[in-house]
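Asks: The structure under discussion is supplied below as structure tokens; questions concerning it will follow.
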Amino acid sequence: MIDFSLFRPKARQLAGLDISSSSVKMVELSGGGKEGYRIERYAIEPLPRDAVVDGNINSIEAVSDSIRRVLRRMGTGIRQVAVALPASAVITKKMILPAGLRDQEMELQVESEANQYIPFALDEVNLDFQTVGPSPGSPDEVEVLIAASRKEKVEDRVAVVEAAGLKAVVMDVDSFAGEAAFELVGQQLPGGSENKIVAVIDIGANVMNVSVLRNGQQVYAREQAFGGNQLTQDIARQYGMSIEEAEAAKRAGGLPEEYARDLMRPFMDNLALEVSRALQFFFTSTQYNQVDHIVLAGGCAIMPGLADVVGGRTQVATMIANPFAGMLNSSRVRPKNLLADAPSLMVACGLALRRFDP
């Protein structure tokens, strides 16, 4: 039953492949250890509308076409990838088990106890687990994280990757992958991220994912229905374009002069208001009453001046996520392009880091 690795990689040579609702992104890293990481290559390819909706793959053919295009642009020989399920498709729970169990014994314990956490028959799910560390309450026990997803969710992602000629060797969760990449971003915060409360706001095409972290552990998560597609629709309406034309114009920057004032600035103000609301929800539903830093990620985060607008509205120091800031670049990577694309590559970067797992 524990037949697909949500945690343990099976191979060293792999790239990170992030399938979101609007695009396919691929990142390949090398190095690791003392010399640090190096970004070898990356590519982003848009997806047709409705190919992926709410994390569900609607068209295996359309998505695998986009993956093939991304692969051609990458020009890599790597055929093994780490992919991620959306957090909404995965049930995660922490369990306390006796310390010192062998893997097989732990597997049996996890299976026998998982029934109470998972609202599906166990033969309908892929289940995996990982020891987090000693239990906070007792040195004789360990904390174990279990993750379960409906088999069809995993199988759809495996199928779409295989249809493009690749092999999925690691199945992660997008929120875990984002947190792995955040470790690189956290090092760039003034004084580091230790003991700080950091809100990572990932603004995608349709959804804003809010994840509040303290010392690498998620203390709060929330999803809000707000994303870049709202701006795309405003552009289409204002300038009489199709949605596809509006999206292309938004990315390429070929819009009339008044666009920044009439459409982009009001959108950024609304986005800042949504972030402010998200923080209020966080304060009212946890014991915390402040946030030390906001980190903006996702495709919308590259809008010029967004960090200032969000920082001004929330009165919290705000920065744009760039997990590659401390890395070397290969000659194939253009620094200017990477800087613009970095906020949308958090999950792909986190998946690429799985290559270096012990």
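Asks: Using only the Cα atoms of region 293-341, what semi-axes does the equivalent ellipsoid have when each is the square root of 5 times a gyration tensor eigenvalue? Give whole Å, largest first.
Replies: 25, 11, 7
Asks: Would you kindly derive the ³J(HN,Hα) couplings of region 122-133 from the backbone phi angles with the Karplus curve 6.51 cos²θ - 1.76 cosθ + 1.60 (θ = phi - 60°), listing them in order in whole Hz, with x for Gly and Pro?
Replies: Karplus values, whole Hz, x for Gly and Pro: 5, 6, 9, 10, 9, 10, 8, 8, 8, 6, 7, x.
Asks: 7 Å from Cα along Cα→Cβ at both ASP123 and GLU155: what's the point-to-point distance in nm?
Replies: Result: 1.3 nm between the two label points.
Asks: Sticking with this structure for a sec: Between VAL173 and residues 5 or more places away or on another chain, which pairs have amide H atoms under 5 Å apart, with H built 1.01 Å from N, and which residues are they?
Replies: LEU85
Asks: Considering all projection directions equally, how large on average is the shadow of the alpha-carbon convex hull of region 22-101, in square nanometres?
Replies: About 8.7 nm², averaged over all directions.
Asks: To the nearest 10 degrees, how steeply does helix 103-114 sit against the main Cα axis of the chain, on a 0 to 90 scale?
Replies: That helix lies at roughly 70 degrees to the long axis.
Asks: To continue, here is another question. Have a look at VAL219, VAL142, VAL24 and tell me which one the Gaussian network model of the chain (Cα, springs below 10 Å) gives the largest fluctuation.
Replies: Ranking VAL219, VAL142, VAL24 by mean-square fluctuation puts VAL142 first.
Asks: Once you have the Cα-Cα distance between GLN187 and LEU339, take 0.36 nm times their residue separation minus that, and quote the gain in nm to one decimal.
Replies: 53.0 nm
Asks: Also, quick follow-up: From the backbone phi of region 219-227, what are the Karplus-calculated ³J(HN,Hα) couplings (6.51 cos²θ - 1.76 cosθ + 1.60, θ = phi - 60°) in whole Hz, Gly and Pro given as x?
Replies: Each residue of region 219-227 in turn: 9, 6, 9, 7, 10, 10, 7, 7, x Hz.
Asks: Over the chain, what is the relative contact order in percent, taking alpha-carbon pairs closer than 8 angstrom and at least six residues apart?
Replies: 22
Asks: If you don't mind, another one. Taking the chain as the reference, fit the longest principal axis to its C-alpha atoms, fit the long axis of helix 60-74 to the helix C-alpha atoms, and give the angle between the two in degrees, 0 to 90, nearest 10.
Replies: The two axes meet at around 80 degrees.
Asks: I need the calculated FRET efficiency for the pair GLU257 and ASN195, taking r as the beta carbon distance and R₀ as 41 Å, to the nearest 0.05.
Replies: On the way: r = 46 Å, r/R0 = 1.12.
Using R0 = 41 Å, I get an efficiency of 0.35.
Asks: Once the convex hull of the C-alpha atoms of region 89-151 is built, how many Å³ does it hold per residue, rounded to a whole number?
Replies: 78
Asks: Could you run the Karplus curve 6.51 cos²θ - 1.76 cosθ + 1.60 with θ = phi - 60° over region 80-96 and give me ³J(HN,Hα) per residue in whole Hz, x for Gly and Pro?
Replies: 10, 10, 9, 10, 10, 8, x, 4, 5, 9, 10, 9, 10, 9, 9, 10, 9
Asks: Between GLU245 and ARG79, how high is the FRET efficiency from 1/(1 + (r/R0)^6) when r is the Cβ-Cβ distance and R₀ = 30 Å? Nearest 0.05. Walk me through the numbers before you get to the answer.
Replies: On the way: r = 35 Å, r/R0 = 1.16.
Computed FRET efficiency for GLU245 and ARG79 comes out at 0.30.
Asks: Follow-up. Show me the three semi-axes of the equivalent ellipsoid for region 185-298, from the C-alpha gyration tensor (sqrt of 5 times each eigenvalue), largest first, rounded to whole Å.
Replies: Over the Cα atoms of region 185-298, the ellipsoid semi-axes are 32, 14, 12 Å.
Asks: Where does helix 151-163 land angle-wise versus the long Cα axis of the chain, in degrees 0 to 90, nearest 10?
Replies: Its long axis makes an angle of about 60 degrees.
Asks: Let me ask something else. If r is the Cβ-Cβ distance from GLN230 to ILE96 and R0 is 35 Å, what FRET efficiency results, to the nearest 0.05?
Replies: Details: r = 43 Å, r/R0 = 1.24.
Efficiency, from the Cβ-Cβ distance: 0.20.
Asks: Does anything in region 89-105 have its amide N under 15 Å from the 7 Å Cα→Cβ label point of ASP140, and if so which residues?
Replies: 97-101
Asks: Amide H to amide H, which residues 5 or more places from VAL52 or on other chains are under 5 Å from it, using H placed in the peptide plane?
Replies: ASN58
Asks: Give me the number: length gained by fully extending ARG265 to ILE302, i.e. 0.36 nm times residue separation minus the C-alpha to C-alpha distance, one decimal in nm.
Replies: Additional length available on full extension: 12.0 nm.
Asks: Taking Rh as the Kirkwood radius computed over C-alpha pairs, what is the Stokes-Einstein D of the chain at 25 °C in a medium of viscosity 0.890 mPa s, expressed in µm² per second?
Replies: Values: Rh = 21.3 Å.
The estimated diffusion coefficient comes to 115 µm²/s.
Asks: Roughly speaking, what is the stretch gain from THR284 to VAL53, that is 0.36 nm per residue apart minus the C-alpha to C-alpha distance, in nm to one decimal? Don't skip to the end; give the middle numbers.
Replies: Numbers: separation 231, 0.36 × 231 = 83.16 nm, distance 3.06 nm.
Length gained, THR284 through VAL53: 80.1 nm.
Asks: Roughly what % antiparallel, to the nearest 5, for the DSSP beta bridges in region 189-321?
Replies: On the way: 14 of 23 bridges.
Counting only bridges with both partners in region 189-321, antiparallel ones make up about 60 percent.
Asks: Going by Cα centres, region 190-220 and region 299-335 are how many Å apart?
Replies: 14
Asks: Could you pull out every residue, at least 5 positions away or on a different chain, whose amide H is within less than 5 Å of the one on GLY298? Hs are placed 1.01 Å off N in the peptide plane, and Pro or chain starts have none.
Replies: Placed amide hydrogens put ILE203, SER344, LEU345, MET346 under 5 Å from GLY298.
Asks: Separate question: Only counting other Cβ atoms within 10 Å, I'd like LEU145, LEU14 sorted with the fewest neighbours first. Numbers along the way, then the final one.
Replies: On the way: LEU145 17, LEU14 25.
Listing LEU145, LEU14 from fewest to most nearby Cβ atoms yields LEU145, LEU14.
Asks: At what distance in nm do the modelled label points of ASP103 and ALA325 sit from each other, each positioned 7 Å from its Cα along Cα→Cβ?
Replies: 3.8
None of the figures in this text is laboratory data; all of them are computed from the coordinates on show. As the structure is a prediction and not an experimental result, all values here were calculated from the model. Quick reminder, even Gly has a Cβ in these numbers, built from the backbone with ideal geometry, and neighbours come from all protein chains shown.
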